[in-house]
1. Can you list residues from other chains, or at least 5 along the same chain, whose modelled amide H is less than 5 Å from the amide H of residue 241?
2. Tell me the label-point distance for the pair residue 180, residue 247, using the 7 Å Cα-to-Cβ offset, in nm and rounded to one decimal.
3. What is the sum of charges, Lys and Arg at +1 and Asp and Glu at -1, for the other residues whose Cβ falls under 15 Å from the Cβ of residue 207?
4. Fewest Cβ neighbours within 10 Å first, please rank 39, 244, 189 accordingly.
5. Over region 112-274, what is the relative contact order in percent, taking alpha-carbon pairs closer than 8 angstrom and at least six residues apart?
6. Within a 10 angstrom radius of the beta carbon, how do 44, 267 rank from fewest other beta carbons to most?
7. In the structure displayed, which of 246/266; 115/188; 122/180 lie more than 18 Å apart, Cα to Cα?
8. Subtracting the Cα-Cα distance from 0.36 nm times the residue separation, let me have the gained length for residue 105 to residue 4 in nm, one decimal.
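We did not get these values from a lab; they are worked out from the coordinates using the rules stated. Worth saying up front: this structure is predicted, and the values here are computed from it rather than measured. Heads up, the Cβs are rebuilt from the backbone with ideal geometry, glycines too, and the neighbour counts pull from every protein chain shown.
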Amino acid sequence: MAEQPIIIKRKKVVAGGHHGGSWKVAFADFATAMMAFFLVLWLTATASPEQKKAVEGYFRDPVGFTDGGSPNPVDLEGSASVVNEASQDIQSSQIQIEDEVVDQLTETLEQRRMKELFQELKQRIEDNKTLQEFKDQLLIDITDEGLRIQIVDRSGRPMFDSGRAELKYYSQNILFELAKTLGSVDNKLSLTGHTDATPFKGRPGYTNWELSADRANTARRALVAGGVRGEQIARVVGLSDSVLFKKDDPTAPVNRRISIIVLNKKTEQGIRSSAGQNEPPLIDLTQPSEQEKQQAMERLEQGNWLEEKPEPAPGELSW
């Protein structure tokens, strides 16, 4: 019978023992806590009564600071103040930049809107049978004042009878169709009447100036009847033959036209400014002067509130 081997396990014992590295972590936590503790003691000893009150308010209400606290109750003249000052500088510079570019952004958006309206009108002309028939008389472009639509005369197909301000039936239909699109925008409209260089004859004192103005006003009435709001009209003028479309041929039919301009904000403000709507009155007649106030007080003290006016002399008007 074979003998079985005997296995002996020997455990190696290190003298002095080994406790691992957990004590190092505990010691580091203890050192950090002590450093924080001494930092609090130092801050408490050096803080002013106002700063201590701010600290107290912060711990009582960290969100609202109802007790007079602040996000930085103890200012050590370090990074917190620097960050706040830098933030204020950044905010002020951002506000300044916005003030400088706001007009430019507004103008860019308005130009984009004008281009969209330009494409919308072109598409409407292509899709509408009434406008399609007269598209050779419709000229659309974008100018410094805004989007301009010119309805011009053609040989054998004028907008008005010769020397008259009444619209032809097809001219009225054109304005009705355009009014459906123009009435949907918020911009103001300007209407201008033009004639050719042929002098008007037949009525004493009635010239191409009166004729062009009457035709522009007739176009205004047609647009309003077609859907344009009355308050949307900003300007109606007649320019006679002072601005010819075809300068080399002053009597050409194309010079007889009606111009409709969808005004941009800059031109609209210019019209208001030229009319004096943005300027304060030089003299406020509704407020009494200091002399008038003094005279009224004197009459009140004397009991003669109603001022007696002298009778007008014979032949003198009184009002």
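1. So residue 241 has HN proximity to 195.
2. Once both label points are built, they end up 3.9 nm from each other.
3. Once all neighbours under 15 Å are counted, the net charge is +1.
4. 39, 244, 189
5. Worked out over region 112-274, it gives 29 percent.
6. 44, 267
7. Those over the limit are 246/266.
8. Length gained, residue 105 through residue 4: 26.5 nm.
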